Amino acid sequence: MCCLPRFLPGLALVAGLATVATLAGRAAPMIGAPVFALVAGALAGLARRRSVDEDGVFGPGLAVTRQRVLGLAIVLLGLGLPFGAALTVGRQTAVVLIGTVVAGAVAAVVVGRMLALDRESATLVAVGTTICGASAIAAATAVMKPDRERVAYALGTIFVFNVLAVLIFPPIGRLLGMSEEAFGLWAGTAINDTSSVLAAGAIFGPAAAQFAVIVKLVRSLLIVPMCVGLHLGRRGAGNPGGGQHDAGRPYSERRSAGQAVDETDARRAAWRVVPLFVVLFVAASVIAGFGLVPESWSEPLGAVSAWLIAAVLAAIGTSLSWQRIRTAGMRPLVFGGAIGLVLAVSCLALQQVTGWL
């Protein structure tokens, strides 16, 4: 309790910024609360640079928001995604959905190497574009702990292509003579952020909007394997679990040196392979699937989750260094555009093959 006053100024700041961003996002859904929150945080940081630094009056509250709030927001997302319903739609659209994501992942590896993009930026833009927009970037941030400027650039990149998708997808869908359900599958699979999926679907038709959002929510479940994969990659890169003198040594060599393997520690290490918030996200989705969450709670829980994500992005925004963002140049934007194009085209090709067109 004695430490609580240290956090209050920063928490109050991000709460205010997140609320303003949420209201602005409702007024302009094509832009969305995440982008407004990031911009609001950046402006606050420019106006009060010393106050938002780690040793400033707002610093402790901003730091705890960036470090602790993301997991809670992601768990709340699970309560709005009943596991059983997601699996039903997932079975119907699995070939198109999984095939498109795989194509996007392959494109991310190839294009990322061609552009010589740094690993953190490439990963953030790739997961945001192929999986779930700002929510996927938030989840990846919770696992990877990347530089904040790279998080901001990734969000800015997917925002640009969200706007383009809302403007371009409906006319192309009509030109191709797509049904509302077929367009909903295309939009829900190839457009990354939920608000943009809904906007594009609503422009095409009400049935398209409804099906697009369901597909998009199913796609959100890929956050789980994504986080596990990123976590395993991080652990492998850092080789956690070994002693300072044993890092990098083969297991057989350590064992031959007489170092016994403690089974309890091994079980704990296996458990740590999966981040806790991912486990809770799946548990929340299962709980929702059993009907234990009243239907009237679904919308408020989703709103709270979106507000928490906005709060985190506002906190990230306060610490941005515009010089470092400029240094990144155009490569992340080109990277995101290439992946987005691959997703759109590969999804249409798979829909044609599977009879959805």
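The values are calculated or read from the model by the stated rules, or taken from the named source; none is laboratory data. As the structure is a prediction and not an experimental result, all values here were calculated from the model. FYI the Cβ positions are ideal-geometry reconstructions off the backbone, even for glycines, and counts take in every protein chain you see. Each accessible area value is taken on the protein alone, full model and side chains, heavy atoms only, with ligands, DNA and RNA left out. Shrake-Rupley method; radii C 1.70, N 1.55, O 1.52, S 1.80 Å.
Brief remarks on what is shown
- Taken together, 86, 103 contain a single residue that is within 25 Å of residue 330 (Cβ to Cβ), surrounded by 18 or more Cβ atoms within 10 Å (Cβ to Cβ), of a type in the set (A, V, I, L, M) and in contact with a helix residue (DSSP H, G or I) (Cβ under 7 Å, 6 or more places away or on another chain), which is 103.
- Inspection of the stretch 148-155 identifies no residue that is of a type in the set (Ser, Thr, Tyr) and modelled with pLDDT of 85 or more.
- Only residues that are touching a residue at least 60 places away in the same chain (Cβ under 8 Å) and open to solvent by 50 Å² or more (accessible area, probe 1.4 Å) were counted in the stretch 58-78, giving 2.
- Test: residue 136 is within 13 Å of the chain's Cα centre (by Cα), open to solvent by less than 30 Å² (accessible area, probe 1.4 Å) and not basic (Lys, Arg): yes
- When restricted to residues that are in contact with a Phe, Trp or Tyr (Cβ under 9 Å, 6 or more places away or on another chain) and open to solvent by 10 Å² or more (accessible area, probe 1.4 Å), the stretch 173-189 contains 6.
- Meets criteria (surrounded by 14 or more Cβ atoms within 10 Å (Cβ to Cβ), of a type outside the set (Asp, Glu) and at pLDDT below 85) for residue 209: yes
- The listed residue being closer than 18 Å to residue 305 by Cβ, in contact (Cβ under 8 Å) with a residue 40 or more places away in the chain and hydrophobic (A, V, I, L, M, F, W, C), out of 23, 11: 11
- Taking the stretch 79-166 and the helices (runs of 4 or more DSSP H) fully enclosed by it, the elements with 2 or more residues that are more than 30 Å from residue 319 (Cβ to Cβ), free of Cβ contacts under 8 Å to residues at least 60 places away in the same chain and polar (S, T, N, Q) are at 83-115.
- Candidates 252, 296, 305, filtered to the one that is of a type in the set (Ser, Thr, Tyr), at pLDDT 80 or above, more than 22 Å from residue 67 (Cβ to Cβ) and part of a helix (DSSP H, G or I): 296
- Filtered residue count, the stretch 125-174, keeping only those that are under 20 Å from residue 305 (Cβ atoms) and not β-branched (Val, Ile, Thr): 14
- Filtering 72, 38, 17, 79 for residues that are closer than 20 Å to residue 138 by Cβ and at pLDDT 85 or above leaves a single hit, 17.
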